[in-house]
Amino acid sequence: MAKTTKKRKVMITCAVTGSIHTPSMSPHLPITPEEIADAAVGAAEAGAALVHVHARNPQNGLPDQSPEAFGKFLKVIKQRSSAVINITTGGAPTMSIEERLKPCAVFKPEVASLNMGSMNFGLYPMLERQKEFKYDWEKPYLEGSRDRIFKNTFTDIEMILTSCAENGTRFEIECYDIGHLYTLRHFADRGIVKPPFFIQSVFGILGGIGPHPEDVQHMKRTADRLFGDEYQWSVLGAGRNQLPIAAQAIALGGNVRVGMEDSLWSGPGKLAKSNAEQVKLARQMIEALGLEVATPEDARELLELKGADRVEF
């Protein structure tokens, strides 16, 4: 009898709103708690095993890192789906580390995002294609990124890792450049963070590594050398790079992240009408390669998560 080979399972993360894009850029960007919850549930129904969430002021879409803002949609997402809920500790580059950490400290999620280094985070090129804005904060927010550093010092990173360790929260470790992988190795060598590591390589943000296929391969080779079989690799490509980089990562054995935090598009010149639309495109690529889309329970097993019954929401 022929031996059956087990299909590899690919995790899709969907980052539904983020703090990069502003409301004027797309009428489909989730802003209110209801829109964020619906976007996350829709993404999960389309095949996302994990949903990565930020909060916004429902009146004007300004990024809001208060636990109160997150509290308006976390329970709703949990009640309506089994997806792993991943809370940001990145917030926005305009926020203090203490402010960014609060929702994770209060709600003790299964997964939280964690940026592995300070960096220039250039959003100002978006001004070239966005001439009109609905809200007065949007243009200065983008323009201000010319002279803004997204601060993630060794002290900041260690504070997040140690403060969340006793809660059993694991991390989506966001690496925007090669040096960020070495920073993770440093904390792993000190025993401050333990495997399996969930490494999210970020491509195409101005200030980080570029979106060239060689950049993607370089990030994967370096992670393989530093972490061997102790990590799960995922990628996100910013803007128009989202799907091409996802396709390359799937072929290289990785997982993918999509969503309106990273890209507002579903094709050249075509605004995505929902986060679920992007998840479906990722799912089509995965299944076309003869692979299987991981369920939330698959993701919990692969990442050794504590389970949805041990969060505080």
**Asked** Which ones in segment 274-309 are more than 20 Å from Glu45 (Cβ to Cβ), out of contact with any Gly (no Cβ under 7 Å at 6 or more places or on another chain) and part of a loop (DSSP other than H, G, I, E, B)?
**Response** Leu289, Gly290, Glu304, Leu305, Gly307
**Prompt:** Can you name every residue in segment 145-179 that is more than 23 Å from the chain's Cα centre (by Cα) and small (Gly, Ala, Ser)?
**Reply:** none
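Let's see how each residue does on (1) surrounded by fewer than 20 Cβ atoms within 10 Å (Cβ to Cβ); (2) on the phi < 0 side of the Ramachandran plot:
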position	(1), (2)
Leu184	no, yes
Pro196	yes, yes
Gly204	no, no
Asp224	yes, yes
**Residue among Ala92, Ala69, Ala112 that alone is at pLDDT 95 or above and in a helix (DSSP H, G or I)** = Ala69
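Against the definition (assigned to a loop (DSSP other than H, G, I, E, B), aliphatic (A, V, I, L, M) and either in contact with a Lys or Arg (Cβ under 7 Å, 6 or more places away or on another chain) or buried (at least 24 other Cβ atoms within 10 Å of the Cβ) (or both)), how does Ile20 come out, yes or no?
Values: assigned to a loop (DSSP other than H, G, I, E, B): yes; aliphatic (A, V, I, L, M): yes; either in contact with a Lys or Arg (Cβ under 7 Å, 6 or more places away or on another chain) or buried (at least 24 other Cβ atoms within 10 Å of the Cβ) (or both): yes.
Considered against the rule, which asks whether it is assigned to a loop (DSSP other than H, G, I, E, B), aliphatic (A, V, I, L, M) and either in contact with a Lys or Arg (Cβ under 7 Å, 6 or more places away or on another chain) or buried (at least 24 other Cβ atoms within 10 Å of the Cβ) (or both), Ile20 comes out as yes.
Take the residues in segment 220-243 that are assigned to a helix (DSSP H, G or I) and within 17 Å of the chain's Cα centre (by Cα), then tell me which one is nearest to Met126 (Cα to Cα).
First, the residues of segment 220-243 that are assigned to a helix (DSSP H, G or I): 220-227, 239-243.
Among the residues that remain, those that are also within 17 Å of the chain's Cα centre (by Cα) are: 239-243.
Details: Gly239: 11, Arg240: 13, Asn241: 15, Gln242: 16, Leu243: 20 Å.
Here the answer is Gly239.
Return the only residue of Gly269, Gly210 being closer than 27 Å to Gly144 by Cα and modelled with pLDDT under 95. If you could, list the steps in order and put the result at the bottom.
Numbers: Gly210 fails: modelled with pLDDT under 95.
Only one candidate qualifies: Gly269.
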**Request:** Please state which of the following conditions Glu312 fails to meet, knowing it meets all the rest: (1) assigned to a helix (DSSP H, G or I); (2) more than 17 Å from the chain's Cα centre (by Cα).
**Result:** (1)
**Complete:** Taking segment 12-38 and the residues there that are of a type in the set (Gly, Ala, Ser) and in contact with a helix residue (DSSP H, G or I) (Cβ under 7 Å, 6 or more places away or on another chain), the one that is nearest to Gly254 (Cα to Cα) would be Ala37
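Only one of these is part of a loop (DSSP other than H, G, I, E, B) and within 22 Å of Arg257 (Cα to Cα): Ile77, Ile31. Name it. Before you say what the answer is, go through the steps one by one.
Details: Ile77 fails: part of a loop (DSSP other than H, G, I, E, B).
When all the criteria are applied, what remains is Ile31.
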**Answer residue from segment 111-132, given it is in contact (Cβ under 8 Å) with a residue 60 or more places away in the chain and more than 30 Å from Gly269 (Cβ to Cβ) and is surrounded by the fewest Cβ atoms within 10 Å (Cβ to Cβ) among those** = Gly117
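The values are calculated or read from the model by the stated rules, or taken from the named source; none is laboratory data. Just so we're clear, the structure is a prediction, and the values are computed from it rather than from any experiment. With ideal geometry, Cβ positions are generated from the backbone for all residues, glycine too; neighbour counts draw on all protein chains shown.
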